[in-house]
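The values are calculated or read from the model by the stated rules, or taken from the named source; none is laboratory data. This one's a predicted model, so the numbers in the text were calculated from it and none came from an experiment. Every residue, glycine as well, gets a Cβ built from its backbone with ideal geometry; the counts of neighbours run over all protein chains shown. Remember, those area values only see protein heavy atoms, side chains included, never the ligands or the DNA or RNA. Shrake-Rupley method; radii C 1.70, N 1.55, O 1.52, S 1.80 Å.
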Amino acid sequence: MQQPIVHPPRICFIEPFYGGSHKQLIDTITECLHPQEYEIFSLPAKKWHWRARTGAIYFSQIIPKVHHFSTLFCSSVLNLAELVGMRPDLQNCRKIVYFHENQLIYPVQEVKERDCQYGLNQIMTCLAADEILFNSNFNRSSFLENINPFLNLQPDFKLKTVVEMIKPKCEVLYFPI
């Protein structure tokens with residue numbers, strides 16, 4: 001009797017905050033896939049600030065160096081630019097990022113108190129991604145409209161063309177219910 005051919009996983013799901021809507025989205029997508037088609041790398045849904053700051057380092061260490069991934073799918077909690085910077089073997093994968101939330105319009109009491117790192121992480125992730133999916137048109141529009149005002153908080157030089165580099169990669173994919 002011939003043994004079935006087992007193909008290595010081609011889709012790599014990376015989720016630094018695997019809980020709530022983040023978990024629900026991945027679980028919904030993977031229900032439509034065969035288990036051998038994908039692998040999930042995740043961290044529990046705790047302390048999202050730390051997940052956003054250190055997730056790329058963690059995943060750079062646990063994702064196997066030898067793999068057959070052709071697609072990376074992550075949420076905007078992950079700094080995708082940092083991950084592919086540490087793991088050049090992942091650069092040739094199709095990189096898809098899903099935005100559950102938008103740090104550029106995250107409410108703060110004082111603009112001076114804003115921790116700009118989270119917004120910068122999301123902008124860098126978009127620049128590194130091939131496709132950017134937002135859970136609503138509002139989320140997409142508010143992100144794109146606030147990139148320049150956010151970057152203009154920088155006191156000395158102004159970055160140009162960032163919106164033009166990101167916008168063509170953006171689509172809306174409503175959250176599956």
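Values for this structure:
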| quantity | calculated |
| --- | --- |
| Odd one out for LEU151, checked against (1) under 27 Å from SER42 (Cα atoms); (2) crowded, with 18+ Cβ neighbours inside 10 Å | (1) |
| Index of the failed condition, LYS167 passing every other in (1) open to solvent by 20 Å² or more (accessible area, probe 1.4 Å); (2) closer than 27 Å to ASP27 by Cα | (2) |
| The range 1-28: number of residues that are of a type in the set (A, V, I, L, M) and modelled with pLDDT under 95 | 3 |
| Pair list, Cβ under 7 Å, 6 or more apart: the range 45-65 residue open to solvent by less than 60 Å² (accessible area, probe 1.4 Å), other residue of a type outside the set (S, T, N, Q) and in a loop (DSSP other than H, G, I, E, B) | ALA45/GLY19; ARG51/VAL77; ALA52/VAL77; GLY55/VAL77; GLY55/LEU78; ALA56/LEU78; SER60/ARG87; ILE63/ARG87 |
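Each row is one residue, and each column tells you yes or no for (1) over 17 Å from the mean Cα position of the chain (by Cα); (2) in a loop (DSSP other than H, G, I, E, B).
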position: HIS22; (1), (2): no, no
position: TRP50; (1), (2): no, no
position: ALA56; (1), (2): no, no
position: VAL66; (1), (2): yes, yes
position: LEU72; (1), (2): no, no
position: VAL77; (1), (2): no, yes
position: GLY85; (1), (2): no, no
position: TYR98; (1), (2): no, no
